[in-house]
Ligand SMILES: Cc1ncc(COP(=O)(O)O)c(C=O)c1O
C-alpha cells in the first residue's frame, strides 16, 4: 500500500482542497482523552499530528507547553504514545498520523527501536523539531527504509542553498514554518509574504507536498486555502485548556473547532 | 576518543560541532540554523583578526580589569597542613565574576553585526548582571531570562541588572531555575533572531556558544600561567586546579591554557553541585554518571529519566543548579584529562565558613563547592604541591541564603 500521507494529498488534489492538519499532544489531558480527541477530530482533519510531550521544548510557546506539561504530569511515557496511535489506528487505519517531538525522546528510546515501534503502532510520519538538516540525514534515511515519512522543516531564515538541499533530501511532505516564532505566536507576517515563500518551495519541487504551520488559526486559515495543507496546533491546545478550566468536555469543544476550521478551507 | 595537543579544545569539534564525535552539535530548530551559521562565520573570522583581539584585550584590561589577583592563602594553608593553597581571585573582575568575559565578547560581536538587542539567560544572576553591564557599555538593549525561583534567591544581582537598564523576564515554567531560563531565552531567540543577538551564559548550548564562551573565559588561565611563572619561575611540577562546574565556563577557562601539560603535572579537578546531602536530586551529571542526552541544542551527559525528560535539579547554589554540563567537560571527562567530583550543599557551606574564618576572601556558594573538595584533598598532599582554587564569584549575592543558613555573623556587609 502506498504511504497514507501521499495518498491523502493525492485525494485532496482531486478535491482541490488544502489538507487540514491538526496538532494535539499525546496524553493531554489524559491518555484516554487524547485518544478520544483524535477519534473525534479525525472526522474533519486529514492528517493528525500527535505531539510527544517533552519538558524542555525550546521551540514551543505557552499553549503547547501547557498541554505537554499536563500530559507529563499525568505520567505519560513513550510507550503510551505508541499505544494511543495503535488504538486510534485500529479504528481509522488509513488516516495518517505523524508524531512530532524532540530528538532526545527518540535518542533515549534508540532510533531503531523507536522506528520499529512507529511501524508497529501505525505511525506514518515524523517531525523532529530539533534535528535539522544535515544533522538528520542518517535518521531520515532510516525512516525511509521503514516507510516512515521524515518531514523536513523549512523556515523564513533558511538560505537558498539550504532550501534546495533540504527539499532534495525531503520525502513526500515538507513543513514550512510561516514566520520567526515559537508555536502559538500571532501571525506577524502578511499572508502574501508567506505565500511568496511557499511558492518558492513549490517551484523547486512541485511534487513535494508543502504544508504551512505556525500562526494558523480560525482567523487566518482561509487566507491560505490554496496551498497543499495547513497545520493548526496552539489554538487547539488552548481550547483544551479553556475547556478544562470551564469544566467542559474538551473532546466536544475541540471537535467543534476543527469542524469549523475545515469549513473555512472547504 | 582523543584529546589532541597543539589545537585549542574549542576547535577540536568536527564539522557538525561534535567533540569526540558525540558531545555538542547543533540540535536546534531550523529557524536558528542561519543565525548560528552567521555567528560561526563571524567568530571564526574575528578570532584570527589581530585588530579584534587587540580590541578585546583593551576592554579586558581597562574595563574588566586584568589580571585578577593570584594570592596565597597562608592561614588556610597553615590550618590544613598539607599542600600550599592558592586562589585565583576571579571575583576581582568588574562585576564580581568570570561571566564578564563571555558577556563582553558577545556584546562586541553583536555590535559588529549591527544587532541592537542582546538577550541572555542567568541562574545565579551573574551572567545576567554582566550581560546587562556590557550591553550598557556598548549601547545595546538587554533582556535577561531568569527562573522565578532564582529571582527570589539572588536578589542582589537582580537589582544590579535592573539598575543597568535590563529587562529581567521571570520564567515560571518547570523548576523555575536556570534550565528553564535557557529554554525561554532560546525560544525568544527563535522568534526574534533577525534583530536580536543571543548570549548563552556558560559553555553550553549549540556548539558556537560553547566555543565563544570557552574562548572568552580562557583569559583566566592565560593570566594564571603568567602569574605562576612569575611566582615559581615555571609552571609548578605538581599543580592542581580546582574549580566548581555548573555549565562549565569558569572551569574551562581556568584550565584551557594548561591543557597540553601532562595531568601528572597539572591536574584538573571539577567540582559539581551534589545538592542537599539528604536529597536524591543533584546537579552533578558527570559525578553521578548521567546518560548522554540532548539539552539546549547539545549532546551531553544530562540528568534525565528513562524516557528522556530532563530531571529537576537541586542545589543551594543557583549558578551550579543545571541538569546538563558543557560538551567540553564531557570530552575532558571521557578523555580522562579532567577528574570530576561533587560537593553537597552542606559541604559547600562548611567550606565557606572555613575560608572566611581564615582568609580575607569571600567565595560565593559556587566556588565554595570547589574549596570544599580542595580543602579535603590538600590535607593529604605534599607541601610542594600547589593547589589553586578559582574563586570565581563573590558571596555578596548569596547574603540572604548565608544569613538564613549560617546566621548574620558570616555575612560581612559590602
Ligand atoms: C560565581 C559562579 N561560579 C560558577 C558558576 C557556574 O557556571 P560555570 O560552570 O559556567 O562557570 C556561576 C554561574 O552562574 C557563577 O555565578
Kindly provide the set of residues from the stretch B:75-90 that are in contact with a helix residue (DSSP H, G or I) (Cβ under 8 Å, 6 or more places away or on another chain) and within 14 Å of the ligand (Cβ to nearest atom), ordered by number. B:88, B:90
Subset of the stretch B:279-307 (residues that are out of contact with any strand residue (DSSP E or B) (no Cβ under 7 Å at 6 or more places or on another chain) and either under 22 Å from residue B:190 (Cα atoms) or within 8 Å of chain A (Cβ to nearest Cβ) (or both)): B:294, B:296, B:297, B:306, B:307
Let me confirm something: among B:344, B:364, B:372, which residue is at pLDDT 95 or above, surrounded by fewer than 24 Cβ atoms within 10 Å (Cβ to Cβ) and away from chain A (no Cβ under 14 Å)? B:344
Do we find a residue being in contact with a helix residue (DSSP H, G or I) (Cβ under 6 Å, 6 or more places away or on another chain), more than 10 Å from every other protein chain (Cβ to nearest Cβ) and within 16 Å of the ligand (Cβ to nearest atom) anywhere in the stretch B:179-195? no
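Among the residues of the stretch B:58-96, write down those that are part of a helix (DSSP H, G or I) and closer than 18 Å to residue B:133 by Cβ.
Of everything in the stretch B:58-96, those that are part of a helix (DSSP H, G or I) and closer than 18 Å to residue B:133 by Cβ turn out to be B:58, B:59, B:60, B:61, B:62, B:63, B:64, B:65, B:90, B:91, B:92.
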Which residues, counting only those in the stretch A:131-189, are more than 10 Å from every other protein chain (Cβ to nearest Cβ), closer than 27 Å to residue B:192 by Cβ and assigned to a helix (DSSP H, G or I)? A:160, A:161, A:163, A:164, A:165, A:167
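Grab the strands (runs of 3 or more DSSP E) fully contained in the stretch B:246-320, keeping just those with 3 or more residues being within 13 Å of the ligand (Cβ to nearest atom). Let's see the steps before the verdict.
On the way: elements: B:266-275, B:292-295, B:298-301.
Those strands (runs of 3 or more DSSP E) span B:266-275.
So, residue B:206, is that one at pLDDT 95 or above, under 19 Å from residue B:310 (Cα atoms), more than 12 Å from the ligand (Cβ to nearest atom) and in contact with a helix residue (DSSP H, G or I) (Cβ under 9 Å, 6 or more places away or on another chain) or not? Talk me through it step by step, then tell me what you get.
Numbers: at pLDDT 95 or above: yes; under 19 Å from residue B:310 (Cα atoms): yes; more than 12 Å from the ligand (Cβ to nearest atom): yes; in contact with a helix residue (DSSP H, G or I) (Cβ under 9 Å, 6 or more places away or on another chain): yes.
So residue B:206 fits the description; yes.
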In the list B:158, B:168, which residue meets the criterion of being buried (at least 22 other Cβ atoms within 10 Å of the Cβ), touching a helix residue (DSSP H, G or I) at 6+ places or on another chain (Cβ under 7 Å) and more than 14 Å from chain A (Cβ to nearest Cβ)? B:158
Within the set of pairs 6 or more residues apart or between chains, which connect a residue that is within 14 Å of chain B (Cβ to nearest Cβ) and part of a helix (DSSP H, G or I) inside the stretch A:107-128 to a residue that is loosely packed, with under 13 Cβ neighbours inside 10 Å and modelled with pLDDT of 95 or more with Cβ atoms less than 7 Å apart? A:108/B:306
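Considering the stretch B:108-136 alone, what residues qualify as being free of Cβ contacts under 8 Å to residues at least 40 places away in the same chain and in contact with a helix residue (DSSP H, G or I) (Cβ under 8 Å, 6 or more places away or on another chain)?
Of the stretch B:108-136, the ones free of Cβ contacts under 8 Å to residues at least 40 places away in the same chain are B:111, B:114, B:129-130, B:132-136.
Those that are free of Cβ contacts under 8 Å to residues at least 40 places away in the same chain and in contact with a helix residue (DSSP H, G or I) (Cβ under 8 Å, 6 or more places away or on another chain): B:129, B:130, B:132, B:133, B:134, B:135.
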Report yes if residue B:224 is within 14 Å of the ligand (Cβ to nearest atom), crowded, with 21+ Cβ neighbours inside 10 Å, at pLDDT 95 or above and outside any strand (DSSP E or B), otherwise no. no
State all residues of the stretch A:57-101 that are within 18 Å of residue A:125 (Cβ to Cβ) and in a helix (DSSP H, G or I); if no residue qualifies, say none. A:78, A:81, A:82, A:84, A:85, A:86, A:88, A:89
Here the residues within the stretch B:23-51 that are out of contact with any strand residue (DSSP E or B) (no Cβ under 6 Å at 6 or more places or on another chain) and outside any helix (DSSP H, G or I) are B:26, B:28, B:29, B:47, B:48, B:49
The number of residues in the stretch B:97-149 that are within 16 Å of the ligand (Cβ to nearest atom) and either more than 14 Å from chain A (Cβ to nearest Cβ) or part of a helix (DSSP H, G or I) (or both) is 27
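The values are calculated or read from the model by the stated rules, or taken from the named source; none is laboratory data. Being a predicted model, the structure only gives us computed values, none of them experimental. Glycine gets a Cβ as well: all are built from the backbone with ideal geometry, and neighbour counts include every protein chain shown.
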